[in-house]
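S.K.: Dumping the structure here so I can ask a few things about it.
The values are calculated or read from the model by the stated rules, or taken from the named source; none is laboratory data. Quick caveat: nothing in here was measured; it's all calculated off a predicted structure. Cβ sites come from the backbone with ideal geometry, for glycine too, and all protein chains shown count toward neighbours. Keep in mind that these areas ignore ligands, DNA and RNA; they rest on the heavy atoms of the full protein, side chains included. Shrake-Rupley method; radii C 1.70, N 1.55, O 1.52, S 1.80 Å.
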Amino acid sequence: QVQLVESGGGTVQPGGSLRLSCAASGTIFSITVMGWYRQAPGKQRELVASMTLDGVTNYAASVKGRFTISRDNAENTVYLQMSSLKPEDTAVYYCQCLRLGNVYWGQGTEVTVSS
């Protein structure tokens, strides 16, 4: 089993920045992809960004150029640096990882962008 714990959410004004962190623990060997999803009220959960073990990234079109995913494989931690935040970025952000065909989720951290 893999446990994922997110941190770093909060409330920020439009144009501001936040950095989310997600630490993996438990049976963490063979984790391949780590990434971030988000779910806004009344909407489906969507991919924000992901990164493979060898550093290949994938971003949603809506966050390209504003968000940056990074990963510390030694610490089994993935980060999401969010800049130029917009009200439409408001959502619960979930960390996700893939390991041996299984998907694991964190409990989520809330991000609110509001003036």
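S.K.: Among the residues that make up the stretch 2-19, is at least one of them in a loop (DSSP other than H, G, I, E, B) and under 11 Å from the mean Cα position of the chain (by Cα)?
M.R.: Yes, that holds for at least one residue.
S.K.: Filter the stretch 10-36 down to the residues that are modelled with pLDDT under 95 and farther than 12 Å from residue 95 by Cα and list them by number.
M.R.: 25, 26, 27, 28, 29, 30, 31, 32
S.K.: As an exercise: evaluate residue 41 against (1) at pLDDT below 95; (2) under 23 Å from residue 102 (Cα atoms) and give the number of the one condition it does not meet.
M.R.: (2)
S.K.: Go through the stretch 60-80 and give me each residue that's farther than 24 Å from residue 30 by Cβ and open to solvent by less than 50 Å² (accessible area, probe 1.4 Å).
M.R.: Passing the criteria: 60, 63, 66, 67.
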